[in-house]
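S.K.: Questions regarding the structure given below will be posed in turn.
The values are calculated or read from the model by the stated rules, or taken from the named source; none is laboratory data. Please read these numbers as outputs of a predicted model, since none were measured by experiment. Here the Cβ is made from the backbone with ideal geometry for all residues, glycine too, and neighbour counts use every protein chain on show. Quick note on the areas: whole protein, heavy atoms, side chains included, nothing else; ligands and nucleic acids left out. Shrake-Rupley method; radii C 1.70, N 1.55, O 1.52, S 1.80 Å.
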Amino acid sequence: MLDTVTASTSANTLTIDGKRLMQMMAEMGAIGALPNGGVRRLAFSPEDRQGRQLIQVWMESAGMAITIDAAGNIIGRYEGRLPHIPAIATGSHLDTVPNAGIYDGTYGVLAGVEAVRTMHEQGIRPDHPIEVIVFADEERTMIGSKAMAGKASLDLDFYEHPHYEPIDIGLKFIGGDWDKLPSAQRSTDDLAAFVELHVEQGPVLEAASNPIGLVTGIVGQRRYIIDIKGSASHAGTTPMTMRQDAMVAASQVILAVNGMGNKTGDGYGDQVATVGAMKLSPNVANTIPGRVEITLDIRDLSNQRLDDMMSELE
């Protein structure tokens, strides 16, 4: 990580304080830090609320006015010279998966705060207001971003979560308001653009020795459960020619999924396909598996290719 990052404008060159940004990363990473490395700030947990309180302190020091909408999103607003035109927004999330790296989500929030603080210290006011947004529960229900987009379900039972109380209680804990959830929706009259800085969650940039990349699209993602039924029988007395081994069939499906993911030509080449979880029954060493359940995760930029992939698999 470089200590400084520069951004040129027509008037001057602004330089953020890279060491200060990394210090903020370290302080936020200490909230929910795990003994063996990583961090755990589950949404609506005490650690999540502690992190949210700290980011508000930093937003205030960067000259931002802070609001929390009904979906629990924290919005730090740095007013522009033309306050009535749509804002330019950036941000990400502070909640984590159970064992996360310190940069995932957090980097996009803190980088936005540091950029605004640099403008504030230099007395610079852009035409557009700048907003730094911390989305609520982005790692699980995505209620914050969905509500802002007007796509959040209003059914309490929709939001099952193993880590916290019902969603309405969770929202209240962080300053949201379930009963007013639709009020969190924003439009193009409010926001002109949104850009998110995020660590790469894969090996591509590092393998290419590129320090940064630009997203060219957002893939469609589909998930399935495939249930394969055979016949459980004794592993020692059932001849190979008389078996209906669900594991053998599942293995063929998994190989087909892998082949589908590696397909090239005719528009293919950017798709991915993964079997990530498996349950088998009866799951004992001396019995032929009678039933196997596997998950399938497929992703591609093209909905048509996703349709074609599923047709091929079926």
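S.K.: Dipole of the range 154-287 (Lys/Arg Cβ +1, Asp/Glu Cβ -1, origin at the Cα centre): which of Y268, M242, W178 lies farthest to the positive side?
M.R.: Of the options given, the answer is M242.
S.K.: Under unit Cβ charges (Lys, Arg +1; Asp, Glu -1), what dipole magnitude, rounded to 20 debye, does the chain have relative to its Cα centre?
M.R.: 380
S.K.: Sequence neighbours fewer than 8 away in the same chain don't count; with that in mind, list the lysines whose C-alpha is under 24 Å from K151.
M.R.: K172, K180
S.K.: While we're on this one: Express in nm, to one decimal, how much length is gained between D127 and E27 on full extension, taking 0.36 nm for each residue of separation and deducting their alpha carbon distance.
M.R.: The span from D127 to E27 would gain 32.8 nm if fully extended.
S.K.: Along the Cα→Cβ direction, 7 angstrom out, place labels at L313 and T264. What is the inter-label distance in nm?
M.R.: Spacing of the two 7 Å Cα→Cβ label points: 2.3 nm.
S.K.: Running a GNM on the chain with Cα contacts under 10 Å, which residue among A207, A147, A285 ends up with the highest mean-square fluctuation?
M.R.: A285
S.K.: Further question on the same structure: When only Cα pairs under 8 Å and 6 or more residues apart are kept, what is the percent relative contact order across the range 50-196?
M.R.: 33
S.K.: Moving on. Between V195 and V284, what FRET efficiency comes out of the Förster formula 1/(1 + (r/R0)^6) with R0 = 45 Å and r the beta carbon distance, rounded to 0.05?
M.R.: That gives a FRET efficiency of 0.30.
S.K.: Keeping all protein chains in place, calculate the accessible area per residue for the chain (probe 1.4 angstrom), answer in Å².
M.R.: It amounts to 57 Å² per residue over the chain.
S.K.: Would you mind telling me the share, in percent, of accessible area of the chain contributed by carbon and sulfur at probe 1.4 angstrom?
M.R.: So the carbon and sulfur contribution to the accessible surface is 52 percent.
S.K.: Which length gain, in nm to one decimal place, applies between L14 and R243 when the Cα-Cα distance is subtracted from 0.36 nm times their residue separation?
M.R.: 75.4 nm
S.K.: Please express the shape of the range 32-112 as an equivalent ellipsoid: the semi-axes are the square roots of 5 times the eigenvalues of the C-alpha gyration tensor, given largest first in whole angstrom.
M.R.: Its equivalent ellipsoid spans semi-axes of 27, 12, 11 Å.
S.K.: Something else: How long, wide and thick is the chain, going by the Cα atoms along their three principal axes, in whole angstroms, largest first?
M.R.: Rounded to whole Å, the extents work out to 81, 46, 41 Å.
S.K.: Label L301 and S209 with points 7 Å out from Cα along Cα→Cβ: what is the distance between them in nm?
M.R.: It works out to 2.6 nm between the two label points.
S.K.: Still on this structure, I have one more. For the charge dipole of the chain, defined by +1 on Lys and Arg C-beta atoms and -1 on Asp and Glu C-beta atoms about the Cα centroid, which residue among S231, S302, L82 has the Cα displaced farthest towards the positive pole?
M.R.: S231
S.K.: Using the reciprocal of the averaged 1/r over all distinct C-alpha pairs, how large is the Kirkwood radius of the range 216-314 in Å?
M.R.: One decimal place: 14.8 Å for the Kirkwood radius.
S.K.: What Kirkwood hydrodynamic radius, in Å, does the range 81-144 give when the mean of 1/r is taken over all pairs of distinct Cα atoms and then inverted?
M.R.: 13.0
S.K.: Additional query: Using 0.36 nm times the number of residues separating A256 and S231, minus their current alpha carbon distance, what extension gain do you get?
M.R.: Gain on stretching A256 to S231: 6.8 nm.
S.K.: With all pairs of different alpha carbon atoms counted, what Kirkwood hydrodynamic radius in Å does the range 121-184 show?
M.R.: Result for the range 121-184 stands at 13.4 Å.
S.K.: Under a GNM of the chain (C-alpha, springs under 10 Å), which listed residue has the highest mean-square fluctuation: R223, R40, R20?
M.R.: In the Gaussian network model the winner is R223.
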